[in-house]
1. Condition check: more than 14 Å from chain I (Cβ to nearest Cβ), in a loop (DSSP other than H, G, I, E, B) and touching a helix residue (DSSP H, G or I) at 6+ places or on another chain (Cβ under 7 Å). Does residue J:56 satisfy that?
2. Among the residues of the range B:106-146, write down those that are outside any helix (DSSP H, G or I) and facing chain C (nearest Cβ under 8 Å).
3. Any chance the range E:60-71 includes a residue that's within 19 Å of residue D:109 (Cβ to Cβ) and buried (at least 17 other Cβ atoms within 10 Å of the Cβ)?
4. Listed residues F:8, F:29; which is at pLDDT below 95 and out of contact with any strand residue (DSSP E or B) (no Cβ under 6 Å at 6 or more places or on another chain)?
5. Determine if the range B:139-152 includes at least one residue that is in contact (Cβ under 8 Å) with a residue 60 or more places away in the chain and touching a helix residue (DSSP H, G or I) at 6+ places or on another chain (Cβ under 9 Å).
6. Taking the conditions exactly as written (within 16 Å of the chain's Cα centre (by Cα) and not in a helix (DSSP H, G or I)), does residue D:50 satisfy them or not?
7. Out of curiosity, is residue H:83 in a helix (DSSP H, G or I) and farther than 20 Å from residue G:141 by Cβ?
8. Determine which single condition residue B:33 fails, assuming it passes every other condition in (1) buried (at least 20 other Cβ atoms within 10 Å of the Cβ); (2) away from chain A (no Cβ under 11 Å).
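The values are calculated or read from the model by the stated rules, or taken from the named source; none is laboratory data. All values derive from a computational prediction rather than experimental measurement. Positions of Cβ are generated from backbone atoms using ideal geometry, with glycine treated the same way; all protein chains shown enter the neighbour counts.
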């Protein structure tokens, strides 16, 4: 609880820093070489800020204090509000995963073998493209290392 | 229940047709011009077979009977077994969606406006690429039309 | 949590502005050209105030401050208290949706094809009519764009 | 369980009768003077067939046997499969109800008083209209009697 | 949240007014002509105080302020703490409803037709009687209007 | 599972006996001196048939076989399908219990002391009365022994 | 909520009184003639303090103020934190009840008839004994009145 | 599923053996030196039959076949139907455990130390006694070894 | 459902093969060089049999048919019955994971960095050792590759 | 609630003491002879500090006050935040337990008999080893006393 409210307070400060900067996640991503989703994860303490990236992020967001940077370098306790599933955007992503999930699994099995897409060695980004009808489309990319289930042999 | 068990029986027959063909979802996708995930969805009755695609699919899977094709042309009741979330592949996709969900939503808001990525006007595919370490990576693409929340005016 | 309590505080202020105005949602709807439900959604931060509508809303509710209008222009995180289902009015709507849901789906399939009614390109209003027995009736209208499930072809 | 499987079997037979007739719910509605949703409810035993309507329904669906008509005249145990919420069409209706629910409730309070829209003295229909962009729209109408909460006085 | 805590505060004040009056719900019921359960509902904002009853209630509870009476006249958002089911008294009522529910439904069907007992046009009271063994018994009466399910005809 | 399906089969037979008798629960109640709800409970194995009542019940339902009567004399495992809460009649009873529950508890406390209404030494009946508007009303009576919480003293 | 936090505060004060007394629940039980579990229930407001016991309890815990005693004499709203099931001691009790439950029920049926063990006219105590291996054993005794399910006859 | 249905079939046979013997659990307990609850657990495959007890049990229930005894000697997968909590007897035991749980835990802590009552080295029995009012009472005894939480030192 | 019942049937056959062999998981593990847990996983289709291991397994279990070996080489849909948590052995493992989970996570963070223990590149075994008191102890080893959360940079 | 927030405050202070010491759990474990996981459990009040260990712990963490040590010597109410399962590290442990659980149980049955691994007489540690590929691996060891299910004989 204490830890959760500390995290909430830090995230609130990080969001304020971003808001005052007037920059979007995309702009910060461009300035730091990170994916736009990862920048957003950093600014809500869902990812750890790597030491080598800290100066790049501070360059993009000069209002980041040393204290905030120090906090951002700690491994976070990853979590989410279960009610987040109510949000229409998040629900539709979840719907796609659950409805297409078994198909995705079988294609991975056919094309790679008995294994999974890692959610740890993993990249995620959101792109904006034009559809054939000239309308905007959201392209979400999940790019994760293939991890084969190991055979558990005794050494 | 009756409808559910009918669907289960049809899916079982469709999977048997595919198994006997010796083809992967990817091969059928190449022959039909569909995404690999969509082919898998068709073969488990999670998508409707369009009339113009039926001949292409039968060309790829000649063992498809007229009865099966007729069934596949019905709009399905889309569903999934809730225990599917136990599967490691599906869980990790769900984990990514829930942990990154709020960030993805905010980036859509910044880059597109107040709207969502449609899960209906939507494409999904699984690709295999090499990472910088030469290891296989799974790339999952969600490509959905941007739908702005309408302002509800009286006409 | 922080964001949720900020939203709660803003909604509380918006409700106070409305209460002091002495106007109903219906009156504000008439003055702004919005549906009555949409006005209510705006005043609880469940919808984004469009720039062109802001002056109309302020004309109807002059006590709206610049700060409140600025907040109302942000894309909201749409959510609800799960206990809301306990309220008799909301429960009965949910009951109708769940008990009639499969029938509604099949009629959409028969009359439109394999697709859905969008909840994003969507209008909602509440009207008061007289029944044949002279008693009041509530008429709730959901009016959403038909979205066909796309066939997922590779380009 | 026994009752549930009996109901499932009857519904299965009723759906077969309809399928063989080649008629849509809308056509049967036109021939019987019922709403399209109510016809669908009758054919899945979610509503009781009234004696005076039985001849009209048999005229529309001559394959209905006396046994089926007898069953349809019993008050049903209304129910639904909880997984129905997974279906995209049903989910979006539920989403609208939960996200707009509190607003709808408050407008009923303002315009009618402290009461609800009945889900029992209730009409429901699905209509197809053209939007201003010429695209199809689904219009779902819920029309229920207003029921004021009674003051509980001792007589 | 804001609304919930406002309601909690009002209820707390109403309970204090009652406690200081030294009266039971039964005594207030006798003085106002309301059922004892309804009085209790009013004093926890689960029912709306009707204008004509306000003077009677204030006569019974003179410490009720104008502000409190004004609040009590608003239509409440009806709700309960889900943990209330833990209370032995409430659990046993729920147990009776769930274990006897299907029987009650069928008797209503046999004696009235295909309809329900309204929980809106509804009276509830608690009485104390002596059993044949001379021991106290609680008699809980639910008295609700019979509402037949309407046949949904198009006009 | 075995026990549950045995119970379901017995209930199915009991319901068939009743259906063929052409009698309502109310008529059987009149002939046996039991409450109508209790008769219904007996015929779905939610209550134990007492030896002295068996001849009365067989007189009312002569088609009851010795085997069925033997089964009915066993103490049943009381249970219900959790989905029963979906039925509109049952839901509204549950709604009343949960929304009025805390008030009912407090009135019992004021009028009886710190105890509960037993659901074991308990009577339940459904009656049909006319309201002041001449319309039918359902009156459901729960009549249970008051059980005071004992003070736990060591002897 | 208000009531819950009042209860929490009172319990906190009662626990402080006990802690400062340096006495165990067992010692207070010995001094008051109550079971050890019941003393603990009193000191967390899960039981009502009877007037005749109040002097005995104050003799054992002289720091109990009049205000606290007055509160303890109110019938409490019995409740528990659902997460309590996480505690290893509580979980194992729950495990025993659920795994042995059906057997316990059947033995009561065989030895007493169709009825239950009351949890209201009920005693509970914890004792410490030596096992045959000389190790400590916990003996938990539940002692409740047998309540036969009544046959529901009309008078 | 296969294993579960095998277990259900074996239990069904064991119950039939007992029923045909005409003996109660208590009588079998007397003849075998086991607790009555443990006999019931054995006859529903919730406990393993020890080799030295097998002859005693067969002496009490001669109809037990070799095949059944062989099955009874396997370590069972302990389980229960979650709906068992609906049964009034089981619910009341669960209610007692949850409402008294924290008190029981604290008394164990005071009288034994930081540890639990084992549910594995554990005895359970049901006894019938007369209360001071001459009425039957159920006494349920849980007798488990005290297990102190170990301090986890490295060796 | 079809797939689930196929899997259940295969597992049932595999278990029968093992039972008839009279070998334990440990013996099969010794003969194949696999961990004992992995052998058990293979024989319930929770792991894929690798081609190079198939001859070793058939040598240990000669009754394995070609059809069974073919099935065992398919990537399984990993799943479990949610009620498995009721089993005392499984519950205690789950209890340990949930109660120690946050500590384990923090130690991994301190000793390895911001990452996890893979459950895919993962070994698991059960060993039997003697404690200092000469009593048997179960040692369960989870041995998984450390996977650092990647920093998501754009290439 | 009060107790929970007290625990949260103490944990917060203990974590601050550790942070200021600059030591890892592993270093404190080395200095005190405890396992690393157990040290972490002590510092979040999930285990009781034994009197003989208190001086060792204070030697390792001199900033521990007498008040904190006094608190740490109380038997804690063991608990966890249910959302902890969202954390990727904790989820994967849970996944392993649930997916391998039935296999682990059967191996314990084969190698030890009908019993469990205690989670009370239990050791847990996290180690860092090199895999054959030179990469870091996490080794988690659960070491618990084997507890056989007792046969419940009457003495």
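1. On the way: more than 14 Å from chain I (Cβ to nearest Cβ): yes; in a loop (DSSP other than H, G, I, E, B): no; touching a helix residue (DSSP H, G or I) at 6+ places or on another chain (Cβ under 7 Å): yes.
Answer is no for this residue.
2. Passing the criteria: B:113, B:114, B:115, B:116, B:118, B:120, B:121, B:122, B:123, B:124, B:125.
3. So far as the range E:60-71 goes, yes, one or more of its residues are within 19 Å of residue D:109 (Cβ to Cβ) and buried (at least 17 other Cβ atoms within 10 Å of the Cβ).
4. Result of the check over F:8, F:29: F:8.
5. no
6. yes
7. Working: in a helix (DSSP H, G or I): yes; farther than 20 Å from residue G:141 by Cβ: yes.
Spelling it out, residue H:83 is indeed in a helix (DSSP H, G or I) and farther than 20 Å from residue G:141 by Cβ.
8. The failed condition is (1).
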